[in-house]
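Asks: Got a structure here, written out as structure tokens. Questions coming.
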Amino acid sequence: MARIALRPRHSQVVLAIAVLAAWSASAQQATPAATGGVQAAADGSNAQRVEVTALKARQSLQEVAASVTALTAEDLARSGLVNAADLQQKVPGLSLSSGGRETNLAIRGVSNNVRSIGADPSNAVHIDGVYLPRSSMVLTELFDLQRVEVLKGPEGTLYGRNATGGAINVVTRAPTAKPGAEGFVGFGSLGLRRTQLAAGGGTQDLAGRIAVAYTKDDGYTRNLSTGSGLDTNDFQAFRGKVRIALGAKADLTLLAQASDDKGTIGYGVSTDTAVTGPLYPYSLGDPDYRLTAKDHRTDARNIRLDSPVTSSRKTRVLAATVNWDLGAVGFKSITGSTSFKSGDRNDVDWTGAQLETQDTTTDVKSLSQEFQLYSQGDGPLEWTAGVFLYRDKGTETLDWLLYGPVNCGAPGSCAFARQTVASKGRSEAVFGQVTYRLSREWSGLLGARYSRDTKEGDATNRRSGASFSGDVSFSSFTPKAQLQWTPSKGLMAYGGVSKGFKSGGFNFGRAGIEKFEPESIVATEVGVRSTSMGGKLSLNASAFNYDYKDLQLRTAVLDAVSGNFVVSVNNASKAKVKGIELGADLALGAGLSTGFSAAYIDSELLNYVSPSTRKNLSGLPLPLTPKSSGSVWLDHTTSVAGGRLLSHLEYNFRSSVIFPLTLDQTNKAGEAYGLVNASVRWTAPKDAWYVQAGVLNATDKLYRTMRADYIFGGVVESFGAPRTYEVRLGFKY
């Protein structure tokens, strides 16, 4: 089945639909093996009860003709997961990586492999419909959620804004008239202290909800040079929401969210002393210069960095959403404003020797406005149309400092690079999507989006006084066509073709400003969603093929003027991505339920020669793209002491990956690994309070979260968290 579905020929795509549908239909005819239990989706959520708005319409998850994973707050709580980076454990095909100030997000091989302020992410992230423009806004804690939706595949029609890989939608809890409060306090390994609280209530005409979150620990990596902890959590946030009735058929929801993250997850970066080769550029000033054992780490958890490592990320989101029922037509307006400020200091020689530091500050603000009109009712025609307007502006400063007589010729410090860059961007788009029910079983979908993006930028070299400026603009037309077949209740198959587009941008800080071109994807996908055995069994599958052109990769290029390697974005010629995803869930009875989700992705760079080393990189897989990944889980619920005891066990597996192609690394691969998580939760009668104990990475697996070959600088790497425990005491009123 997989070999057929992965080939792009049209006849084989049709055949794949038939094979997948037959597979699901046979499951529908199966005799129920058990009774009772709770049916859950392939992602761990309750497929029959979870409503999603991934396609900008309320649907049951099993009715969505697209590859969507929906994780509810309860799903995350069972697994003990809090940080957005942990979503990759529950969502095959999704990868998140952080090393230093780097934040990389990949969906099915399409990754945010750029960091310049003049570039955009490849996967769109939204909170309550508001677009978040910077990748670093993604790796944050999740609190007081309704659910998280992960859309896989190019979203060129309904979302469109640089969503060549997919989209992540964070949906927070809405205010209701019913008064209530809930939350928990937690304590655990590494000095963990965690609190999440929420409360709300009101009337049918006016209701509000507030939520706060706080997490702090001592970190799982120790800097032996300073005695301080790294890879720490230090997060606090506030969210307020108010819903105001504007008559009988309209309402306004206001959102204000502020978070302050001073944690250093991903900053415990050090050199791998087992890898030999050129040491550091500092030896160029003194051929006899060598680092010694006292400059290096003793193991992955105990490293040496001479400079204090600091990080601060402040995010603000304001939103106003209007819903208006006009009878046969519905209207929605989403107005959003975001602010992101960050400041980081890294020891970029990654040793205990005083050689290099890098200070970076970023300040980005954005405004967005989306208007939607959509059909309501049960007629054969369903449609959505809209307009999206977007503006952003930002500045970034970089100070890369060298220390010591080897670099500067005398004790003290000197600057390797000092620069300030600024960027302004704007985007306008119109979009529409129409679904027509051709018969009782068949429906057809057509959609399209036209976008125009413009960027202006300037860069100032504060070391030489040189400055440069430029502007670019890009436009795109991204259509979508899909056919849906629903032969019976609980069985649906779909197949279609869509296009995704990501805007180009600037490379700053070289001898001028150089632009890089947009990237695009044409995706073919077929899929099946089925529910059978009275809702006890769900089977889902999808197969996809991407024709990925002009993908934006980050490499290091030797600047002929300065003689320095300069990190820049360039367009690889193209790549192929194909894969299949499977998911199954079964209520076994007697309080037992189980399920799995898995993805197989085959990705390959084509006709790509590195601009820095001139090495032919064709045949390499795309960054952050494990060939196989998956999750399997088992739940058991029983009555104990008048309450309910839920035991949860899961195993999450990922094959090896190549970390983002920064400098054409030789030592760039991470190992395959599997993580075991488990929890036990006892809930008192009427859900009044509960106590939960959980463990993450129960086998204490050591695995890399970043690895890079920095030309002269050796191999640097960071690692994921060890085995950790947490106990939570919570309540619900």
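Asks: What number of residues in the range 624-644 are under 18 Å from L87 (Cβ atoms) and outside any strand (DSSP E or B)?
Replies: 3
Asks: Mind listing just one residue for me: the one in the range 126-156 that is assigned to a loop (DSSP other than H, G, I, E, B) and modelled with pLDDT of 90 or more and, of those, nearest to S427 (Cα to Cα)?
Replies: Start the filter on the range 126-156 by keeping residues that are assigned to a loop (DSSP other than H, G, I, E, B), which leaves 128-129, 133-134, 138-140, 142-144, 153-156.
Remaining after also requiring modelled with pLDDT of 90 or more: 128-129, 142-144, 153-154.
On the way: D128: 20, G129: 16, L142: 28, F143: 30, D144: 31, G153: 21, P154: 18 Å.
Here the answer is G129.
Asks: Could you say whether any residue in the range 555-575 is closer than 21 Å to G153 by Cβ and either at pLDDT 90 or above or open to solvent by 50 Å² or more (accessible area, probe 1.4 Å) (or both)?
Replies: yes
Asks: How many residues, within the range 324-344, are in a strand (DSSP E or B), closer than 30 Å to S375 by Cα and not hydroxyl-bearing (S, T, Y)?
Replies: Residues that pass the stated criteria total 8.
Asks: With the structure loaded, tell me whether R440 is of a type in the set (D, E, K, R), farther than 27 Å from E155 by Cβ and exposed (fewer than 15 other Cβ atoms within 10 Å of the Cβ) or whether it fails that test.
Replies: Taking the combined requirement at face value, the residue satisfies it.
Asks: Taking the range 279-314 as the search range and keeping residues that are hydrophobic (A, V, I, L, M, F, W, C) and more than 12 Å from R222 (Cα to Cα), which one is modelled with the highest pLDDT?
Replies: A293
Asks: If you don't mind, there's one more thing I want to ask. Inspect the range 263-278 for any residue being among the aliphatic types (A, V, I, L, M), modelled with pLDDT of 85 or more and in contact with a strand residue (DSSP E or B) (Cβ under 8 Å, 6 or more places away or on another chain) and give the result as yes or no.
Replies: Here is the first cut: in the range 263-278, the ones among the aliphatic types (A, V, I, L, M) are 265, 269, 274-275.
Then drop every residue that is not modelled with pLDDT of 85 or more, which leaves 265, 269.
Going one step further and asking which of them are in contact with a strand residue (DSSP E or B) (Cβ under 8 Å, 6 or more places away or on another chain), we end up with 265, 269.
Yes, because at least one residue in the range 263-278 is among the aliphatic types (A, V, I, L, M), modelled with pLDDT of 85 or more and in contact with a strand residue (DSSP E or B) (Cβ under 8 Å, 6 or more places away or on another chain).
Asks: Might you check whether a residue that is of a type in the set (S, T, Y), modelled with pLDDT of 90 or more and in contact with a His (Cβ under 9 Å, 6 or more places away or on another chain) occurs anywhere in the range 471-490?
Replies: The answer is no, given that none of the residues of the range 471-490 is of a type in the set (S, T, Y), modelled with pLDDT of 90 or more and in contact with a His (Cβ under 9 Å, 6 or more places away or on another chain).
Asks: Evaluate the range 589-610: report whether one residue or more is touching a Ser or Thr at 6+ places or on another chain (Cβ under 7 Å) and at pLDDT below 85.
Replies: yes
Asks: Filter the range 682-725 down to the residues that are surrounded by 21 or more Cβ atoms within 10 Å (Cβ to Cβ), over 22 Å from R297 (Cα atoms) and either modelled with pLDDT under 95 or of a type outside the set (G, A, S) (or both) and list them by number.
Replies: Across the range 682-725, the qualifying residues are Q692, L696.
Asks: Go through D128, D144 for me and flag whichever is surrounded by fewer than 24 Cβ atoms within 10 Å (Cβ to Cβ) and in contact with a Leu (Cβ under 7 Å, 6 or more places away or on another chain).
Replies: Just one listed residue meets the conditions, D128.
Asks: Determine, yes or no, whether A669 is at pLDDT 85 or above and either open to solvent by less than 50 Å² (accessible area, probe 1.4 Å) or within 21 Å of the chain's Cα centre (by Cα) (or both). Give the derivation first.
Replies: Details: at pLDDT 85 or above: no; either open to solvent by less than 50 Å² (accessible area, probe 1.4 Å) or within 21 Å of the chain's Cα centre (by Cα) (or both): yes.
For A669, the condition - at pLDDT 85 or above and either open to solvent by less than 50 Å² (accessible area, probe 1.4 Å) or within 21 Å of the chain's Cα centre (by Cα) (or both) - is not met.
Asks: I'd like to check which strands (runs of 3 or more DSSP E) are fully inside the range 452-535 and have at least 2 residues that are open to solvent by less than 30 Å² (accessible area, probe 1.4 Å) and polar (S, T, N, Q). Step through it out loud before you land on a result.
Replies: Details: elements: 467-488, 491-502, 505-510, 512-516, 519-532.
It comes to 467-488, 519-532.
Yes/no matrix, rows are residues, columns are (1) in contact with a Ser or Thr (Cβ under 9 Å, 6 or more places away or on another chain); (2) polar (S, T, N, Q):
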site: K332; (1), (2): yes, no
site: F340; (1), (2): yes, no
site: S375; (1), (2): yes, yes
site: A385; (1), (2): no, no
site: T397; (1), (2): yes, yes
site: W400; (1), (2): yes, no
site: F416; (1), (2): no, no
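Asks: A further question on this structure: Condition first: open to solvent by less than 30 Å² (accessible area, probe 1.4 Å), over 29 Å from D709 (Cα atoms) and assigned to a strand (DSSP E or B). Can you find one or more residues in the range 301-314 that meet it?
Replies: Within the range 301-314, not a single residue is open to solvent by less than 30 Å² (accessible area, probe 1.4 Å), over 29 Å from D709 (Cα atoms) and assigned to a strand (DSSP E or B).
The values are calculated or read from the model by the stated rules, or taken from the named source; none is laboratory data. The shown structure was predicted, so the numbers you read here are calculated from the model rather than taken from an experiment. Backbone-built Cβ (ideal geometry, glycine too); neighbour counts: all protein chains shown. In case anyone asks, the SASA skips ligands and DNA or RNA and just uses the protein heavy atoms, side chains included. Shrake-Rupley method; radii C 1.70, N 1.55, O 1.52, S 1.80 Å.
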